[in-house]
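Novice: Here's a structure for you.
The values are calculated or read from the model by the stated rules, or taken from the named source; none is laboratory data. Since the model is a prediction, treat every value here as computed from it, not as a measurement. Quick reminder, even Gly has a Cβ in these numbers, built from the backbone with ideal geometry, and neighbours come from all protein chains shown. Surface accessibility is based on the protein's heavy atoms, side chains included, excluding ligands, DNA and RNA. Shrake-Rupley method; radii C 1.70, N 1.55, O 1.52, S 1.80 Å.
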Amino acid sequence: MGDVVTILATTALRISEVSGLRVDDVDLVRGLIHVLRQTYPGRGGLVTKETKGRRRSTIPIIDPLRPTLVRLTAGRRGEERLVLGPRGGVITTATLRDATGWDALVTELGQPGLVRHGLRHTALTWMADAGVDPHILQRVAGHQDPAVTARYLHPDVQAMVDAGTAFSAWWSVAGPERPPLGVIEGGKNVG
């Protein structure tokens, strides 16, 4: 189950999307994961269908994730599921909860409110903190509306300090050379 947690925390995928991944969705040469489907419990059993919102997404493979994906794909057929549950079945939120002892684990860590979907939130926040452009985050998350992606973003203190530094640098170089806003010509404000 550690592999699933690692994938969730480094890709911002939903658990159902990780469940839907097949070996041939992982492109180790180009460093991309192609998210084409999701698998989740539905009426009458498991359902595999297009991703939420029918939006396929492409996720970059970061260096810390690569060894896990190399191991999970080595010597396997392309149509096989990338990850399986502890008894060979499909991973679901309930499977992940039970197999990891999630509730006891997060309580022990002092984070009893941390839910498994929080790994998606964490990954998107980390990507934003790393400087990934918001429009790329939106594509990674598979959101149609940028406002939905924005709900996941919480700039850290360093990001705010860096933003202030960048804005200060812009003002110190460009500010004095640009006409001030609201330039007055002949007594009239033309800005």
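Novice: Given (1) touching a residue at least 12 places away in the same chain (Cβ under 8 Å); (2) over 22 Å from residue 94 (Cα atoms); (3) not acidic (Asp, Glu), identify the lone condition not met by residue 30.
Specialist: Failing condition for residue 30: (1).
Novice: Can you name the residue in segment 23-46 that is touching a Gly at 6+ places or on another chain (Cβ under 6 Å) and open to solvent by less than 30 Å² (accessible area, probe 1.4 Å) and is also modelled with the lowest pLDDT among such residues?
Specialist: 39
Novice: Another one. What tally of residues in segment 73-93 results from selecting those that are surrounded by 13 or more Cβ atoms within 10 Å (Cβ to Cβ) and either free of Cβ contacts under 8 Å to residues at least 12 places away in the same chain or not charged (D, E, K, R) (or both)?
Specialist: Residues in segment 73-93 being surrounded by 13 or more Cβ atoms within 10 Å (Cβ to Cβ) and either free of Cβ contacts under 8 Å to residues at least 12 places away in the same chain or not charged (D, E, K, R) (or both): 9 in total.
Novice: I've got another one for you. For residues that are under 30 Å from residue 14 (Cβ atoms) and either modelled with pLDDT of 85 or more or open to solvent by less than 80 Å² (accessible area, probe 1.4 Å) (or both), tally how many sit in segment 140-161. It would help to see each step written out before you state the result.
Specialist: In the first step, residues of segment 140-161 are kept if they are under 30 Å from residue 14 (Cβ atoms); the result is 140-160.
Narrowing the set further to residues that are either modelled with pLDDT of 85 or more or open to solvent by less than 80 Å² (accessible area, probe 1.4 Å) (or both) leaves 140-143, 145-150, 152-153, 156, 159.
Number of matching residues: 14.
Novice: Restricting to segment 104-121, and then to whatever is touching a helix residue (DSSP H, G or I) at 6+ places or on another chain (Cβ under 7 Å) and open to solvent by 60 Å² or more (accessible area, probe 1.4 Å), can you tell me which residue is modelled with the highest pLDDT? Steps first, answer last, please.
Specialist: Of the residues in segment 104-121, the ones touching a helix residue (DSSP H, G or I) at 6+ places or on another chain (Cβ under 7 Å) are 112, 114, 116, 119-120.
Next, only the ones that are open to solvent by 60 Å² or more (accessible area, probe 1.4 Å) stay: 112, 114.
Working: 112: 79, 114: 75.
Checking each candidate, the answer is 112.
Novice: Moving on. Any residue at all in segment 103-119 that is in contact with a strand residue (DSSP E or B) (Cβ under 9 Å, 6 or more places away or on another chain) and under 27 Å from residue 150 (Cα atoms)?
Specialist: Checking segment 103-119: not a single residue is in contact with a strand residue (DSSP E or B) (Cβ under 9 Å, 6 or more places away or on another chain) and under 27 Å from residue 150 (Cα atoms).
Novice: Any residue at all in segment 64-72 that is exposed (fewer than 12 other Cβ atoms within 10 Å of the Cβ) and outside any helix (DSSP H, G or I)?
Specialist: Within segment 64-72, one or more residues are exposed (fewer than 12 other Cβ atoms within 10 Å of the Cβ) and outside any helix (DSSP H, G or I).
Novice: Here's something else I'd like to know. Taking residue 101 as the residue in question, decide whether it is open to solvent by less than 30 Å² (accessible area, probe 1.4 Å), farther than 30 Å from residue 159 by Cα and not aromatic (Phe, Trp, Tyr).
Specialist: No, not satisfied.
Novice: Among the residues of segment 1-22, what is the count of those that are open to solvent by 10 Å² or more (accessible area, probe 1.4 Å) and part of a loop (DSSP other than H, G, I, E, B)?
Specialist: 2
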